[in-house]
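Please read the structure below before turning to the comments.
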Amino acid sequence: MPNNDRKTVIGKISYTNAWPLFYYVDPGKLDFPAEMVTEVPAVLNEGMKKGNIQIGAISSFSYAEAADRLLLLPDLSVSADGEVKSILLFSRGPVETLAGGTIALTNTSATSVNLLKILMQKALGGSPAYITMEPDLEAMMESADAALLIGDNAIRASWHNRDYHVTDLSKWWKEWTGYSMTFAVWAVNRGAAAERPGDMADIAALFEDSKRRSLSDLRPIVNAAVSTIGGTEPYWKGYFTNLCYDFDDRKREGLRLYFKYAYELGLLSQDVVPELWSDTIRMQVKE
């Protein structure tokens, strides 16, 4: 838990799917020392678990692993109600052919990896072998029958794909369960929330403001994605418009189901019920 004379660390996901919630976040606007670190989910997840990062984005599965140390910020997530376009399974044949095959997994996030395991076992009744590799599609396919890529790696691979079947895991989850899938949540360290609720509320307000401003005019983010990642303006406008950035009751129910299945398969050590940081506390702080 940081002291008042130490910088508060804000965790920022490097993937484009989270840009709207970070694009206008400037820690320099806060009246206390704070800095934002940008990393892939796996690095942020460890920082949040250990308490080196006090507030920010974390993959949904990693939140569940550290739920006793974290609280979720209301109305902030990266979710998809159907296809997500950046959590993709590439395979030589249809997904039904993979039940007893070998699947190469990306090493950059746990949420999508475990979503795949849930779908393969519970939805398909399969039991494939898994190997973990760096996110390089061709190298992965040399060693396996299918490859799971996420984020910008998945997007780039989908642009150039000519050879493989592509299964969007979020679309598969929606078709199977009827629920949206939440891939990332925004969380605060319980100690930081208890000791400095005002500071944490100020940071949460920056996220909310960034979401509002971004979604009211996506053009700056679309242009940044084109110049940074590549692709076209229509692609990125469709990509960001397709994603959901709120975290309403229905999305929490979908995430709760994901946690339930993960627990049943032994992927989580306990059945996690998402716990929100109380809006009442935050309102009292701002008064």
Criterion (under 23 Å from Arg156 (Cβ atoms), among the polar types (S, T, N, Q) and not assigned by TED's automatic domain parsing to the domain that holds Glu138) met by exactly one of Asn52, Asn17:
Asn17
For Lys12, state whether it is within 22 Å of Glu208 (Cβ to Cβ) and either at pLDDT 90 or above or among the β-branched types (Val, Ile, Thr) (or both).
yes
Do you know which residues across region 77-93 are more than 11 Å from the chain's Cα centre (by Cα) and assigned to a strand (DSSP E or B)?
Leu88, Leu89, Phe90, Ser91
Output yes when any residue across region 261-273 is within 19 Å of Glu83 (Cβ to Cβ), without any contact (Cβ under 8 Å) to a residue 12 or more places away in the chain and either in contact with a Cys (Cβ under 8 Å, 6 or more places away or on another chain) or in a helix (DSSP H, G or I) (or both), and no when none is.
no
For region 124-146, which positions are in contact with a Gly (Cβ under 8 Å, 6 or more places away or on another chain) and part of a loop (DSSP other than H, G, I, E, B)?
Gly126, Ser127, Pro128, Ala144, Asp145
Residues of region 51-67 being in contact (Cβ under 8 Å) with a residue 40 or more places away in the chain and outside any strand (DSSP E or B), which ones?
Gly51, Asn52, Ile53, Gln54, Ser60, Phe61, Ser62, Tyr63, Ala64, Glu65, Ala67
For region 40-49, indicate whether the set of residues that are assigned to a strand (DSSP E or B) and among the charged types (D, E, K, R) is non-empty.
no
Are any residues in region 37-56 out of contact with any helix residue (DSSP H, G or I) (no Cβ under 6 Å at 6 or more places or on another chain) and either hydrophobic (A, V, I, L, M, F, W, C) or under 15 Å from Ser77 (Cβ atoms) (or both), and if so, which ones?
Val37, Val40, Pro41, Ala42, Val43, Leu44, Met48, Gly56
Filter region 127-146 for residues that are over 12 Å from Thr102 (Cα atoms), of a type outside the set (A, V, I, L, M, F, W, C) and more than 19 Å from the chain's Cα centre (by Cα); which is surrounded by the most Cβ atoms within 10 Å (Cβ to Cβ)?
Asp136
Out of the residues in region 96-120 that are closer than 15 Å to Leu149 by Cβ and among the β-branched types (Val, Ile, Thr), which is surrounded by the fewest Cβ atoms within 10 Å (Cβ to Cβ)?
Thr108
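The values are calculated or read from the model by the stated rules, or taken from the named source; none is laboratory data. This is a predicted model, so every value here is computed, not measured. Heads up, the Cβs are rebuilt from the backbone with ideal geometry, glycines too, and the neighbour counts pull from every protein chain shown.
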